[in-house]
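Quick note: the coordinates plus some simple rules give every number you see, no bench work behind them. Computed from a predicted model, the values in this text were never measured in an experiment. Cβ placement follows ideal geometry from the backbone for every residue including glycine, while neighbour counts extend to all protein chains displayed.
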Amino acid sequence: MKRTHLRLIASILLMFSTTMTTPFRSAAGLFAQQAGFEDDEVAAEPYRPDEFPKPLLGVRRFTIIATGAFPVTMFFGGLFYEFARFGYYSAQSGEVRGDYAPLFFGPTTGPRFNEDEQRNVLMVGVSLSLFVALLDFTLGRIETRRADNQSSAQ
């Protein structure tokens, strides 16, 4: 497909997704009024602690943290990769390679990442985000065990 077709399809989907929620929202409000519900009865109640198994809550937290950390780790991973590439090519040639300088230190016409380097940057970002989520999961388990040990000791 051409790029213009994709833009047109994306625009139509965006338009439908934003305009179709209003009728459903008003239909739900009308149903609540006809059923005789008050506004405070329609409000959602918080989850109970026993509503979901603890392992599923841990998996959910892991995925949320990994997904949320991905943009940050992708940025810093790409930045680290640029500095490492600059150092590698400078050490390989025996002189400072200004064309490989990262960020605004180098020329705008410098060499770009090839496909392998782009894949490496992506893998660094994914790996770092999974590491952050795993670190959070491990620290959470340690905290839970300490809390359980303190409550059982008393």
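Over segment 46-153, how many percent of alpha carbon pairs lie in each 10 Å bin up to the one with the longest distance?
13, 29, 23, 16, 12, 7, 1
Taking the mean number of other Cβ atoms within 10 Å as a proxy for protection, how do you rank 87-96, 131-140 from highest to lowest?
Ranking the peptides 87-96, 131-140 by packing returns 131-140, 87-96.
5 Å is the cut-off here: which amide hydrogens, built 1.01 Å from N in the peptide plane, fall below it relative to residue 97, excluding neighbours closer than 5 in sequence?
The list, which skips near neighbours in sequence, is 90.
For segment 43-87, which chymotrypsin sites (Phe, Trp or Tyr not before Pro) pass both filters: DSSP loop (anything but H, G, I, E, B) and at most 13 other C-beta atoms within 10 Å?
When the chymotrypsin sites (Phe, Trp or Tyr not before Pro) of segment 43-87 are filtered for loop state and at most 13 Cβ neighbours within 10 Å, 47 remain.
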